[in-house]
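Asks: Once you've had a glance at the structure underneath, I'll fire off some questions.
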Amino acid sequence: MTSIYSLTPTKAAEYLEENGFKASQADNIFKDIYALGACSFEEMKNTAKELIKALSKDFFFEEFICEEISDGDSTVKYLFKLSDGNYIETVLMRQEFGNSLCISTQSGCNMGCKFCCSGKLKKLRDLTISEMIMQVLYIERAQNIKISNITVMGIGEPFDNYDNLCGFLDIASYGYGLGIGTKHITVSTCGIVPKIYEFAQRKNPCNLAISLHAPDNDTRNTLMPINKKYPIDELIKAAKHFSEKCNRKVLLEYVMLDGINDSKGQAEKLSELIGDAWLFVNLIPYNPSREDDFRRSNEDRIRAFYDVLKKHNIGVTRRREFGGDLNAACGQLRSDRIKKDGE
Ligand code: SAH
C-alpha cells in the first residue's frame, strides 16, 4: 500500500494505463485530493467509481500527527510525529507577500555542519514524498490558509533525498496538485555538487539556495564537512552553471558567526568569488543553540560585511529573523523533544 499523497502526475498516469484506465483521468484524482481536500475515498467526487475502487486497493489516505505547536508573532512552528515515531519540524511564516512554509526532507541529517542543530542528531531516515506533501496540506487545512511559497530549508539535506525531493516538487508545482509555481519554491543545499548539475537538467527547476557560509576552503572545511568532498571553487562553478542554464539567480546563504567568517577580509574574498555572476548573498544572523559555542556576529560586524559586498555591487540582503523566540532555528524543537523522550 502506498500513500495517495505520494502519487505524482507521472506515476498517476502510469498507474492508470497499467490498470486499464485513461491517463486523462489523473486530473480528477488530483482535483479530489488537492482542490476538494478529500481525506478518504468516500469523499472523492470527481473520480469515477470504478477508479476509486481500484485506487483503494493500492493506496491509502495517510494521516499526520501534530505533537506540538509553538505560536510566535509571525511564525508558527509544528512538530510532527511520523508513523514510525520519528519527528520532523515545519515552520510557517506569515509574511506580507503571503504564507511561506519551511519544510523538512529528512528526519535528522548526516551533513554534520558544526553550527546546525539538525546535524547533531544523525539522519534516521529520508522522508517520503507524501511526508513532504503532508507538511503543506496539514498546515493549509489546520490554519485554513493557502501556502504561497515553500522553502525546502528545514531539517535534512534535500539533495541527499533527491528522488523524493523531485517527486515532491512535481506535485507541489503541478496546477492540480499544490499549485505553487516553481518561482515560489526554493531548495537549499549544503553543496552536493553533482546534484546541482542534475537539478539544472530538470525541465522546470525551482530556485536554488546554497549554504556557503565561508569564502575560503580552510574556514568552510571547519564548518561544513561536505566542503572536503566538494570544495568552494567546484561549488561556485556549479552555482554559476545552474544560474546560466536555468536563467535564475542563485542565493548564497551566509550565517554570520562571530570571529569565524565575518571579517571585512572575508567579505572581500566573497566578493571576488562571486564577481559578476548572478549569485546573491543572504546574510543570516546566527540563531544560537545551547549545544555549541558559536556566537552571533554583532550589528557592526554584519553592517561592515554588508557594506563591503555592496561596494563591489554584489546583491546582498539580510534575512529578517523568524522564530528565534520559539526555538524555530533548524532542528531545535526536534532536538529538544528527542532529549525529553530519552529522559
Ligand atoms: N541542508 C540544507 C537545508 C537545511 S539548513 C542546507 O544546508 O542548506 C537551512 C539553512 O539554515 C542553511 O543555510 C543552514 O546553514 C542554516 N542554519 C542551520 N543552523 C542555523 C542556525 N543555528 N542559525 C542560522 N542558520 C542556521
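Asks: Run down ILE65, ILE33, ILE29 and say which single residue is open to solvent by 80 Å² or more (accessible area, probe 1.4 Å) and within 20 Å of PHE168 (Cβ to Cβ).
Replies: Numbers: ILE33 fails: open to solvent by 80 Å² or more (accessible area, probe 1.4 Å); ILE29 fails: open to solvent by 80 Å² or more (accessible area, probe 1.4 Å).
The match here is ILE65.
Asks: Continuing with this model, one more query. Which one is farthest from THR128 (Cα to Cα) among residues in the range 157-177 that are of a type in the set (Ser, Thr, Tyr) and touching an Asp or Glu at 6+ places or on another chain (Cβ under 9 Å)? I'd like the intermediate steps shown before the answer.
Replies: Taking the range 157-177 and keeping what is of a type in the set (Ser, Thr, Tyr), we get 162, 173-174, 176.
Subsequent filtering for residues that are touching an Asp or Glu at 6+ places or on another chain (Cβ under 9 Å) retains 162, 176.
On the way: TYR162: 11, TYR176: 20 Å.
So the residue we want is TYR176.
Asks: If we only count helices (runs of 4 or more DSSP H) wholly inside the range 122-207, which ones have 3 or more residues that are β-branched (Val, Ile, Thr)?
Replies: Working: elements: 129-143, 162-173, 193-200.
Because the criterion is at least 3 residues that are β-branched (Val, Ile, Thr), the helices (runs of 4 or more DSSP H) in the range 122-207 that meet it are 129-143.
Asks: So, in the range 251-290, exactly how many residues are surrounded by 14 or more Cβ atoms within 10 Å (Cβ to Cβ) and more than 29 Å from CYS206 (Cα to Cα)? Working first, answer last.
Replies: As a first pass, look at the range 251-290 and keep what is surrounded by 14 or more Cβ atoms within 10 Å (Cβ to Cβ): 251-258, 260-263, 266-271, 273-274, 277-289.
Retained after the next criterion (residues that are more than 29 Å from CYS206 (Cα to Cα)): 258, 260, 262-263, 266, 268, 288-289.
The number of residues fulfilling the criteria is 8.
Asks: So, of the residues in the range 99-120 that are among the aliphatic types (A, V, I, L, M) and under 22 Å from ARG141 (Cβ atoms), which turns out to be farthest from the chain's Cα centre (by Cα)? Explain how you work it out, then say what you get.
Replies: Of the range 99-120, the ones among the aliphatic types (A, V, I, L, M) are 101, 103, 111.
Among the residues that remain, those that are also under 22 Å from ARG141 (Cβ atoms) are: 101, 103.
Values: LEU101: 9, ILE103: 5 Å.
By that ranking, first place goes to LEU101.
Asks: Separate question: Return the residue satisfying two criteria in turn: it lies in the range 69-87 and is in a strand (DSSP E or B) and over 19 Å from GLU291 (Cβ atoms), and of such residues it is nearest to the ligand (Cβ to nearest atom).
Replies: Within the range 69-87, the subset in a strand (DSSP E or B) is 69-71, 75-81, 87.
Applying the additional criterion that residues be over 19 Å from GLU291 (Cβ atoms) yields 69, 71, 75-76, 78, 80-81.
On the way: ILE69: 21, ASP71: 21, THR75: 14, VAL76: 18, TYR78: 16, PHE80: 17, LYS81: 20 Å.
Looking at residues that are in a strand (DSSP E or B) and over 19 Å from GLU291 (Cβ atoms), I get THR75.
Asks: Could you please find all residues in the range 106-128 being more than 9 Å from the ligand (Cβ to nearest atom), of a type outside the set (Asp, Glu) and closer than 21 Å to ILE65 by Cα?
Replies: Here is the first cut: in the range 106-128, the ones more than 9 Å from the ligand (Cβ to nearest atom) are 107-108, 110, 112, 114, 120-128.
Okay, now just the ones that are also of a type outside the set (Asp, Glu), so 107-108, 110, 112, 114, 120-125, 127-128.
Result: SER107, GLY108, LYS123, LEU124, ARG125, LEU127, THR128.
Asks: Let me ask another. List, please: which pairs have Cβ atoms under 7 Å, are six or more places apart or on different chains, and start with a residue in the range 292-307 that is more than 14 Å from VAL281 (Cβ to Cβ) and end with one that is open to solvent by 90 Å² or more (accessible area, probe 1.4 Å) and in a loop (DSSP other than H, G, I, E, B)?
Replies: Close Cβ pairs (under 7 Å, with a partner that is open to solvent by 90 Å² or more (accessible area, probe 1.4 Å) and in a loop (DSSP other than H, G, I, E, B)) amount to ASP292/LYS114.
Asks: If you take the residues of the range 90-106 that are farther than 13 Å from ILE133 by Cα and either part of a loop (DSSP other than H, G, I, E, B) or charged (D, E, K, R) (or both), which of them is modelled with the highest pLDDT?
Replies: Selected residue: ARG94.
Asks: Looking only at the range 168-204, count how many residues are open to solvent by less than 40 Å² (accessible area, probe 1.4 Å), away from the ligand (no atom under 16 Å from the Cβ) and free of Cβ contacts under 8 Å to residues at least 60 places away in the same chain.
Replies: Of the residues in that region, 5 qualify.
Asks: What's the number of the only condition in (1) in contact with a strand residue (DSSP E or B) (Cβ under 6 Å, 6 or more places away or on another chain); (2) under 24 Å from ILE145 (Cα atoms); (3) not basic (Lys, Arg) that MET1 fails to meet?
Replies: (2)
Asks: Here is a follow-up. Exactly one of these conditions fails for SER24: (1) in a helix (DSSP H, G or I); (2) of a type in the set (Gly, Ala, Ser); (3) surrounded by 14 or more Cβ atoms within 10 Å (Cβ to Cβ). Give me its number.
Replies: Evaluating SER24 over (1) in a helix (DSSP H, G or I); (2) of a type in the set (Gly, Ala, Ser); (3) surrounded by 14 or more Cβ atoms within 10 Å (Cβ to Cβ) leaves (3) as the failure.
Asks: Considering only the range 166-190, how many residues are of a type in the set (Gly, Ala, Ser) and touching a Gly at 6+ places or on another chain (Cβ under 7 Å)?
Replies: Quick first cut of the range 166-190, residues of a type in the set (Gly, Ala, Ser) only: 167, 172-173, 175, 177, 179, 181, 188.
Those left that are additionally touching a Gly at 6+ places or on another chain (Cβ under 7 Å): 173.
Summing the residues that are of a type in the set (Gly, Ala, Ser) and touching a Gly at 6+ places or on another chain (Cβ under 7 Å) in the range 166-190 gives 1.
Asks: With the requirement that a residue be open to solvent by less than 50 Å² (accessible area, probe 1.4 Å), of a type in the set (S, T, N, Q) and more than 16 Å from the ligand (Cβ to nearest atom), what does the range 129-164 give you?
Replies: Selection gives SER130, SER148.
The values are calculated or read from the model by the stated rules, or taken from the named source; none is laboratory data. Keep in mind that this is a model prediction, so the values were computed, not measured. As a convention, Cβ positions derive from the backbone with ideal geometry for all residues, glycine included, and neighbour counts pool all protein chains shown. Surface accessibility is based on the protein's heavy atoms, side chains included, excluding ligands, DNA and RNA. Shrake-Rupley method; radii C 1.70, N 1.55, O 1.52, S 1.80 Å.
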